[in-house]
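**Q** Here's a structure for you.
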Amino acid sequence: MEGIFITILDLTGTFVFAISGIRLASGKNIDWFGAYIIGLATAIGGGTTRDVLLDVTPFWMLDGKYFLTTGVALLATLLFKNKIFRLGNTLFLFDAIGLGLFTIVGISKSLEAQLPFWVCIVMGAITGSVGGLIRDVLLNEVPLLLRRDIYALACVTGGVVYFMCLQLNFSTSITELTAALVVILVRVVAMKFHIHLPVLNSLKNPYSDKTDKS
């Protein structure tokens, strides 16, 4: 039952992350195939990075349903683009949902590898956020991960809640669902109320005032 639940989270995360990538690509004059590639990179980028770090075969090499799910996301976007593109917050909402779901998938797979809890939290953050990073880099956008927005920190918060729930003896399904909702909630609340980390201001070059005296 637990494996089925993780699979549902994984495919749902793949679908919504693919849509977020395709949605952003729509404003870049990219053709359908290019949009599919952007959606696929968004959907599998974080998990691929996680699997490489865990020294296992990347998940999409063992199962073709991720390619199919991305194709369904592209088809859904093309069929309902007038509704999807008209909603200004669509990209943000799909990205937030994918962030939460993939964070839990990353934590769960790291737990299966019997890694320490802090490594699992890091792997959850990587799984959730790196796909969006790759998407933004491919589309020449400043990555959300590097902006002052609460992004990867939302994944870390969800990871901490995950292990708190385990300590309280919550069932695995309730733990995963609660942690995913926390990630999504933190992301949404931070955006709605403009909560962000302090910005690192430019630092003065200590050598700028020195002149060449040679």
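**Q** So which of Leu101, Leu153, Leu145 is free of Cβ contacts under 8 Å to residues at least 40 places away in the same chain, under 17 Å from the mean Cα position of the chain (by Cα) and in a helix (DSSP H, G or I)? Walk me through it before giving the result.
**A** Details: Leu101 fails: free of Cβ contacts under 8 Å to residues at least 40 places away in the same chain; Leu153 fails: free of Cβ contacts under 8 Å to residues at least 40 places away in the same chain.
Result of the check over Leu101, Leu153, Leu145: Leu145.
**Q** Identify all residues within region 45-86 that are surrounded by 12 or more Cβ atoms within 10 Å (Cβ to Cβ), touching an Asp or Glu at 6+ places or on another chain (Cβ under 9 Å) and part of a loop (DSSP other than H, G, I, E, B); write none if there are none.
**A** Pro58
**Q** Among (1) at pLDDT 95 or above; (2) over 18 Å from the mean Cα position of the chain (by Cα); (3) aromatic (Phe, Trp, Tyr), where does Trp60 come up short?
**A** Here Trp60 clears every test but (2).
Rundown of residues vs (1) charged (D, E, K, R); (2) out of contact with any Phe, Trp or Tyr (no Cβ under 6 Å at 6 or more places or on another chain), yes/no style:
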site: Asp10; (1), (2): yes, yes
site: Thr14; (1), (2): no, no
site: Ser20; (1), (2): no, no
site: Ser26; (1), (2): no, yes
site: Tyr36; (1), (2): no, yes
site: Gly39; (1), (2): no, yes
site: Thr49; (1), (2): no, yes
site: Val52; (1), (2): no, yes
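**Q** Just a yes or no: is a residue in region 193-211 at pLDDT below 95, surrounded by 11 or more Cβ atoms within 10 Å (Cβ to Cβ) and within 15 Å of Gly100 (Cα to Cα)? Let's see the steps before the verdict.
**A** Within region 193-211, the subset at pLDDT below 95 is 193-211.
Within this subset, residues satisfying the condition of being surrounded by 11 or more Cβ atoms within 10 Å (Cβ to Cβ) are 195-197.
Applying the additional criterion that residues be within 15 Å of Gly100 (Cα to Cα) yields none.
For region 193-211, residues at pLDDT below 95, surrounded by 11 or more Cβ atoms within 10 Å (Cβ to Cβ) and within 15 Å of Gly100 (Cα to Cα): absent.
**Q** In addition: Regarding Gly132, is this residue surrounded by 19 or more Cβ atoms within 10 Å (Cβ to Cβ), part of a helix (DSSP H, G or I), in contact (Cβ under 8 Å) with a residue 40 or more places away in the chain and out of contact with any Leu (no Cβ under 6 Å at 6 or more places or on another chain)?
**A** Working: surrounded by 19 or more Cβ atoms within 10 Å (Cβ to Cβ): yes; part of a helix (DSSP H, G or I): yes; in contact (Cβ under 8 Å) with a residue 40 or more places away in the chain: yes; out of contact with any Leu (no Cβ under 6 Å at 6 or more places or on another chain): no.
Answer is no for this residue.
**Q** Which count do you get for residues in region 78-133 that are at pLDDT 90 or above and either of a type in the set (Val, Ile, Thr) or out of contact with any Lys or Arg (no Cβ under 8 Å at 6 or more places or on another chain) (or both)?
**A** So the answer is 33.
The values are calculated or read from the model by the stated rules, or taken from the named source; none is laboratory data. This one's a predicted model, so the numbers in the text were calculated from it and none came from an experiment. Reconstructed Cβ throughout: ideal geometry from the backbone, glycine too, with neighbour counts over all protein chains shown.
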